[in-house]
Structure formats: structure tokens, C-alpha cells
2 protein chains.
Amino acid sequence: MSGPRYTPLVESLPSTVPFVGPETQERARGRPFRARIGANESVFGPSPRAIEAMAAAAREVWKYCDPENHDLKAALAAHHGISPDNIVVGEGIDGLLGYVARMLVDKETSVATSLGAYPTFNYHVAGYGGRLVTVPYVDDHEDPESLLALAASEQAPLIYFANPDNPMGTWHDAAAVQAMIEAVPDATLLVLDEAYIEFAPEGTAPPIDAEDPRVIRFRTFSKAHGMAGARIGYGIAERNLALAFNKVRNHFGVNRMAQAGALAALADGAWLEHVRGSVAEACEGIAAIARANGLTPLATATNFVTIDCGRDQAYARAVLDGLIARDIFVRMPFVAPQNRCIRVTAGTADDLAILSEALPDVLASLA
Amino acid sequence: MSGPRYTPLVESLPSTVPFVGPETQERARGRPFRARIGANESVFGPSPRAIEAMAAAAREVWKYCDPENHDLKAALAAHHGISPDNIVVGEGIDGLLGYVARMLVDKETSVATSLGAYPTFNYHVAGYGGRLVTVPYVDDHEDPESLLALAASEQAPLIYFANPDNPMGTWHDAAAVQAMIEAVPDATLLVLDEAYIEFAPEGTAPPIDAEDPRVIRFRTFSKAHGMAGARIGYGIAERNLALAFNKVRNHFGVNRMAQAGALAALADGAWLEHVRGSVAEACEGIAAIARANGLTPLATATNFVTIDCGRDQAYARAVLDGLIARDIFVRMPFVAPQNRCIRVTAGTADDLAILSEALPDVLASLA
């Protein structure tokens, strides 16, 4: 009657979770948030055509999904001007990052990332026994040169780099990213997380060279397409790498409603434009609220604004706690010096009005 | 410019897939199936209330899911009379089997199963480097005693046992299953896959003892609840084991629409009764069609009928191919001697009419 015989690796893993969800906080608080602007979800919602497609697919959900994701891959291939053989569809970028970690990370494998970058990637690497090696952000930007140097010295098979970055919202231009790709060490794969790319200015994403074996680029329907809860994203990779996911992926793992919704969302360029405009307006509004309160918004290429609260982590944490106490769900970076900031997602006009009313009150209470 | 540096294990894995989907076959054939009765999906569909809940959730799908699955776990706990701490919700049983394999299977770990049992479980075990050891079916039933003996002699940390069984549809009664649980070797975990349990006669499932550390029981919304494409299932396990999934699971991986649909489906007992009745009627119909054509249907406790074609694999394969050529999607067991059979899912009256018309023609063509 002893417990299960876990592998030594799993035995050693903590039961911590990368993120606590807002629902968990609501249950602990005993009341709901008035503004849900903490997880970089798209409050502007999915395309009405995507909603319609998902609702229609609900009737057909007795069928397993097409495990090849054929129709969506064909549409994505046409959209990007590449072959479907260069695309892998999965359960959000989170799911795909897990598969990449599983394929390349063994016990003690070094993996290069930035100190304070995406925790879920770190969770996956640690989950396969990898050893994270990090470089600091430079001026609130991820630093391609030091990432490359670290990967080379550590012989890391994997580098994680997000452009635009989360949690800072900063970005590098296409030329800088292309130069980074060109300089990837031999036998190293660059994971280029472009979850927020649809919000970035023209000239942020380098042209797609789908057969380049040095990089896998991840895109998602969770952000600009407003389908975070549908769990669907994709990778663009050299065809042998795209095919290798078949060794480890959960073949029937993508939700059938998500497939239908993604297809419809991809076809609705007008909605994407609408969302982009609304997000830009909201980010300007958040920045204006920050400035009006003596705080410093960072420039952003995403659907969130990272706000420098001007002091240390303790102060930023107090600002965050004050907003949460006033029923506004926001988050903050985990690591110094980025954790002098809080991170606010583009919200509706109502969300911004609530923020605008609460923030002076919070700051006054801390003065 | 060399390729990614895969782990030795992943390098060694084949890129084969456990199942080819019906959509893939339709594309290869250039025309759709008339009857989709091959994947044990519920052609009777999900509860209308679940459809409504999923359609409503489509509007809210810009939000990530609640990663704790709190509301569904609470409802399942009430349904089974257990604590939510004994429940883990995941991306279908397939996803949960993957997590179990990851937690318990290391390179060269022996895992006990029946020769010809669920291929996706085998896929996961092989994917973590495990070594499958098998015992034969006995009289088309999985054989608890030999599974237990094998697990003991191999010091396997994991035994897979499905009750009712897929692909044969046979079952053991609750007393036999409880006796199996009682006899699980020390430091071995029994995976009791009860995906089809809602179709089984009273007295097939032993009472749930959620704190028993020797067994984890898997249930799903894919079969009787008609939500295969939603990807949502759950495990019932001793609380420390249930908690350990937090070490490896994709925390935000369950679809928000699936959560809403599952909650509604669980509350619609009348629909479940309707489906049970329709499935029983369809299975009787399939059995009658088989008998009318000189074939032998096996008794079933599932939503499918396994039909003994009376000769060898080649003959069963020819019958299967004949049905597929007549636009009927069916499958067959993979391994001898079970592969003398084909497997037909409970279908609508239309599906059965198509089968009834096609089968004599197929058999005549083979005579």
C-alpha cells in the first residue's frame, strides 16, 4: 500500500504551478474582479465568425478532431505562403513548448533564456530535468547577443527568445531578429515565441524562411485572435522538425471547436484589424493613466503595458496588491529589476475607467 | 545548419501514430464516409444542455480556463461522493495517460498491459522509454491474474487494465475488479481505464475508494457524454497522486468550452439515460445484423460491438476493407487472435441501415 513509484526526476520536481489563475484569486477573495486585465487575454473577444464556427462545432463535438489538423494547416500555409509540411498545430504555445522541451531536453541539458522571461517555458524545461541558464534583460529588452554567447558556451540545444517580449512588452526589429537567427550556434535551436506579433509594428517579424533549421517560430490564436481558452497555437519549422512532433504529441489533443474557431478567425482579417485598433487605443489609454499618476509606461508592441512604478519590487508589489484589493486583476514581472513594474492588459473602456479611478487611490494610500 | 539535437530517446522513437483518423482516410479516398462508426464516438451527440453551454462559452473563450478546474472538480466530487482533492481533470484520458506515463516510466521501466489493448497507452509508455510487457487476452477478455503476476515478476510500477475492454467490449464484474485491486503488487499502480463504464451493466464498477493508493481510475466525457472532440476526462486517485499531476500537467491546457460542456453534461442525467438506451438498441441492431450474415457478435458492455468474422486476420481485414470501400468507417483489433474480428460503433438507425445493406454484399464478394 505504498505510493506510486515515481521516476527520480518527477520525485524531485516541486508541485508549484507557473501561474495562479484569476478564478483562484476570486475564490480566495470571495468576490469577483471588476476588471480582468492581468493575463494578456483579449477582452475584445474572438471574431464573431469564430464564435459562430465554435458554436456550430459544439454540435459536432461528439467526433474526435482531425488529428492531422489538415484544414487549419492548409489555411495557415496559404496565409503564410509556406507548405503545410512546415506547420505543427498544438494545444496552445504552452503545449507546443512542452513538446519541444521533451524532444530536446534531457537531464542536465542546459537551456538558455532571459532571467524573468516566460515561466511556463522554464516549467517545461525543469520538468524534463533541464538546467536553465540565463542572461539578464538589458534596458528592459531581451538581449540576443548575450543569449547567443551563453548558448554557445553552454552548448545549449535550445534558446528561448520572445519577440515582442512578455512581461516587458519591448521588442527588437526584424533585422535584429534575423541577425540573431543567422548567429544561432550549430546544433542549437532558437525558439522564437511570437505570441504577440500581430500587435507589433510593421518590420518586427523577419520574413518567414520555413525551411531554416535554426529556428522554430510559435504563433497563437490566444492573443490577437481572442481564443486563449480554446488552446490552439502553431509552430513554423523545418519539415523534419515539424514531423518530429508526431513522436511525442497527443495526436487527438486539439479541441475540435478550437480547430473550427481558428479557421474562421484566420479568415476574418477585418476583426483582427478591429482588435489591433482597440488594443492600440487601450494601450495609449493605460499609458496616459500611468503618466497622469506619475508612473512611467514602457513602450509596447503587445496587448499590454508594463508600467514602471519607479521604485523597488516591494513598492510595485504594493501597487499591484492595491489594485487587486480594488478588484482589478493585474500581474507583475517576477524578477529584478523588471519587478519594479506592474503589467496591465489592454482593457475595455470600462476596464480603463475602473483602473483610472483606482490607481490614484492606491498610490495615495502608499504615500 | 545541422538539425536539432534531439535527446537519444526521442531520436530513437518512430514517427508512427497510434490511430489514423477518419478524416485522413476520407482525404485519401477522395470521398466522405456515409457512416462514421469506427472510433467509438457517440453518434447520439452531447446533451443539448452541454451544446448550449459550450456555445455560450464560445463568447467567453478569450479567457484562459480556470487551471484548477474548480467547478468541474466540485461537481464531480459531489457526483461520486468523494473529495475534489481526489480528482484530476485533464485533456481527455489520452492526455492523462501521458501524464501518468511521464510520472512513472523511465528508460527501461517495465509496464504491464494486455497484448492488443489500448495503443495510445502503449504509445505514451514507449514515448518515455518504457518497455511494454504483455499477457494475452483469455477468451477475448483481459486477464487480471496474469497481468498481476507479470507486474510482480517484472517489478512494473504500472499496470494498464480497461474495464470494460476496448477493442473487445468484454468486461469483468465488480468483484473481479476489486479482487484485482486488492492484489496489486506493492509499489505498483493499477491504471483502471473506465472510459466505457457508463454503458456497462450495474455491478461492473467496484465502489470508489478514492484514497486507495493502488489504483487510479479514469473516466471521460468522450464516450457516453458525447464530447470526444472537446478533450476532457478525469482521474480519481489518492490525493497525493492527484496532486502530483501538478508537477507535469499543462495547467491551462483544458479547453474552457469543454469545462462548461462537461459541467452541463454531468448535470443532465436524463440525456445520459437516453444515450444509454439508444446505444443498447444500436448494439442489439449491430449484433442482429452480424448474426443475420453468419457472423458472431461478442457480448458488449460498451458502445460498440466486436464481431467475430470466424476466420483469420486476413479475412477480417478483407471484411473491414469491404465496408470501408462501401463508405463505412469501422476499425478492427490490431493483434491476434482478436484480429479475427471487426469493431463497429453503435450508430444511428441510418448508420445501421447502411451497414445492413453493405455487409451481405461485402461477404458475398469474399465468398
Run down the aspartates and glutamates and flag those whose C-alpha is under 13 Å from the C-alpha of B:LYS63, throwing out any fewer than 8 positions away in its chain. A:GLU23, A:GLU41
Tell me which of A:GLY285, A:VAL215, A:VAL254 sits at the most positive position along the dipole axis of the range A:193-294, charges placed on C-beta atoms (Lys, Arg +1; Asp, Glu -1). A:VAL254
Rounded to the nearest 5, the percent of antiparallel DSSP beta bridges in the protein assembly as shown equals 50
Which value, in Å² and to the nearest 10, is the accessible area of A:TRP62 when all protein chains are kept and the probe is 1.4 Å? 30
Name the residues of the range B:183-231 whose accessible area falls by at least 50 Å² when all protein chains are present instead of the chain alone, probe 1.4 Å? B:ALA187, B:PRO213, B:GLY229, B:ARG231
With unit charges on the beta carbon (Lys/Arg positive, Asp/Glu negative), name the residue among B:ASN69, B:GLY92, B:SER42 whose Cα is farthest towards the positive pole of the charge dipole of the range B:30-98. B:SER42
How much accessible area per residue does chain A have, in Å², with a 1.4 Å probe? 34
What's the carbon and sulfur percent of chain A's accessible surface, probe 1.4 angstrom, rounded to a whole number? 54
Report for chain B the percent antiparallel among DSSP-assigned beta bridges with both residues inside it, nearest 5. 50
At 7 Å out from Cα toward Cβ: A:PRO337 inter-copy label distances (nm, ascending): 7.7
Shortest-first nm distances, A:ALA299 label point to equivalent points in other copies (7 Å, Cα→Cβ): 7.6
Taking amide hydrogens as modeled 1.01 Å from N in the peptide plane, which residues meet the under 5 Å criterion relative to B:SER110, leaving out close sequence neighbours? B:ARG131
Which of the helices in chain A meet the span-like rule: DSSP H, Cα axial reach of 20 Å or more, Kyte-Doolittle mean at least 0.5? A:349-366
For the pair A and B, total buried accessible area rounded to nearest 100 Å², probe 1.4 Å: 7500
In this structure, the FRET efficiency calculated for B:ASP71 and A:THR348 from their beta-carbon separation, with R0 = 25 Å, to the nearest 0.05, is 0.50
Label spacing, shortest first and in nm, from A:ALA270 to its equivalents in the remaining copies (7 angstrom along Cα→Cβ): 4.1
Sequence-distant or interchain residues sharing an amide H contact under 5 Å with B:PHE304, placed H: which? B:ALA346
When the dipole is taken about the Cα centre of the protein assembly as shown, and only Lys, Arg (+1) and Asp, Glu (-1) are charged at their Cβ, what size is it in debye, to the nearest 20? 220
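Are there trypsin sites (Lys or Arg not before Pro) in the range B:54-121 that DSSP marks as loop and that have at most 12 other Cβ atoms within 10 Å, and which are they?
B:LYS107
The values are calculated or read from the model by the stated rules, or taken from the named source; none is laboratory data. Given the structure is predicted, the values throughout are model-derived calculations rather than measurements. Don't worry about glycine lacking a Cβ; one is built from the backbone with ideal geometry, like all the others, and counts go over all protein chains shown. Side chains included, ligands, DNA and RNA excluded: accessible areas come from the protein's heavy atoms. Shrake-Rupley method; radii C 1.70, N 1.55, O 1.52, S 1.80 Å.
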